[in-house]
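Everything on this sheet refers to the single structure shown next.
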DNA sequence: ATTGTGGCCTGCCCGC
DNA sequence: TGCGGGCAGGCCACAA
């Protein structure tokens, strides 16, 4: 599903529409329009505008106009960004690679005939005008050691839940977090505040390594743990049967042998 | 304030 | 072969 690595690919794709005037706004699905705005509001906000910058915070893609509003795009679990018929990613875990026109939930057409659209089978994504960026923590790819220490300190919530709390650190979803904690040999259910200094350093090291490595491989579903994230799956490191449980409200796979 | 839970969306897979 | 139940997870509202 689109976690920060996929949305980063979408951002690079969206870069292609910078500098082009919007000649049409297609918003056929009011459900996908969030933040108290309507499809008509989207037309008013972006028709005739030109995007001048592409940004990403966690799983939120932001396209800024020069003096007007900012477009915010969220992709939920099955959202794909398509520019001129090209998808931002090759394959979406848990998503369909089919292209049903009904799944086109939002689109912009630009001068010169170019087009950008949000395709989302399950309608878990969203489009917003001027999303509140303050509700997001620092992006996981730029998280400093000091920021990590502060966001974990004193917390009783499970480590995994805290890492997936987008207001604490933005960008980590279920697959990346399971992979990260498996690599860092940390139990997802540990209270976030219980990590020792060495454990926290280990977490941060693996965070950056995991993001770089999985980005190179092609996405959040390319982790070493991924193929074993099934009932009865075994730890690729030591062969122990993985534990399957709910942590932080999400299905969680972890190794009872080496994640402590 | 912090943490936990349930519901929403709907395509797809599995078992009968 | 068709059908239905369960499952996937990001996000939000709401409860404790």
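Where a number appears in this text, it was derived from the coordinates with a stated rule and is not lab data. Only a predicted model underlies this, so the values are computations on that prediction, with no experimental measurement involved. Please note: Cβ atoms are built from the backbone with ideal geometry, for glycine as well, and neighbour counts cover all protein chains shown.
Run the helix sum for chain A: -39,500 (n - 2.57) per DSSP H stretch of 4+ residues, divided by residue count, reported at 222 nm to the nearest 500 deg cm²/dmol.
-7500 deg cm²/dmol
In nm, to one decimal, how far is the residue A:212 label point from the residue A:34 one, both placed 7 Å along Cα→Cβ?
Each label point lies 7 Å from its Cα, and together they span 3.1 nm.
Under 8 Å for C-alpha pairs, at least 6 residues apart: give me the relative contact order for chain A, rounded to a whole percent.
Over chain A, the number comes to 18 percent.
Under the rule a/c < 1.5 gives rounded, and otherwise a/b versus b/c splits prolate from oblate, where does region A:29-76 land using the Cα gyration tensor?
Cα axes put region A:29-76 in the oblate bin.
Let's test the formula: R0 of 22 Å, r as the Cβ-Cβ distance of residue A:18 and residue A:86. What FRET efficiency results, to the nearest 0.05?
For R0 = 22 Å, the calculated efficiency reads 0.90.
Among A:162, A:74, A:217, whose mean-square fluctuation peaks in a Gaussian network model of chain A (Cα, cutoff 10 Å)?
Of A:162, A:74, A:217, the Gaussian network model singles out A:217 as fluctuating most.
How high is the relative contact order of region A:137-254, given as a whole-number percent (alpha carbon pairs under 8 Å, six or more residues apart)?
26 percent
Largest first, please: the extent of the C-alpha atoms of region A:4-134 along each principal axis, to the nearest Å.
Each principal axis gives a Cα extent; for region A:4-134 these are 38, 30, 29 Å.
Can you give the relative contact order of region A:34-144 as a percent, counting alpha carbon pairs under 8 Å and 6+ residues apart?
Once normalised by length, the contact order is 30 percent.
Looking at chain A only, what percent of DSSP beta bridges run antiparallel? Nearest 5 please.
Within chain A, antiparallel bridges account for around 95 percent of the total.
What is the ratio of the Cα radius of gyration of region A:74-195 to 2.2 N^0.38 Å, where N is its residue count, to two decimals?
1.30
Against the globular-protein guess of 2.2 N^0.38 Å, express the Cα radius of gyration of region A:160-260 as a ratio, rounded to two decimals.
Normalised by 2.2 N^0.38 Å, the Cα Rg of region A:160-260 equals 0.99.
What whole number of Å gives the distance from the Cα centroid of region A:217-233 to the Cα centroid of region A:163-201?
So the two Cα centres are separated by 17 Å.
Mind checking which of A:69, A:198, A:158 has the largest fluctuation in a GNM of chain A, springs on alpha carbons under 10 Å?
Per the Cα network of chain A with a 10 Å cutoff, A:198 tops the list.
Hey, in the GNM for chain A with a 10 angstrom Cα cutoff, which one of A:195, A:63, A:186 fluctuates hardest?
A:195
Over all distinct Cα pairs, what is the inverse of the mean 1/r for chain A, reported as the Kirkwood hydrodynamic radius in Å?
19.2 Å
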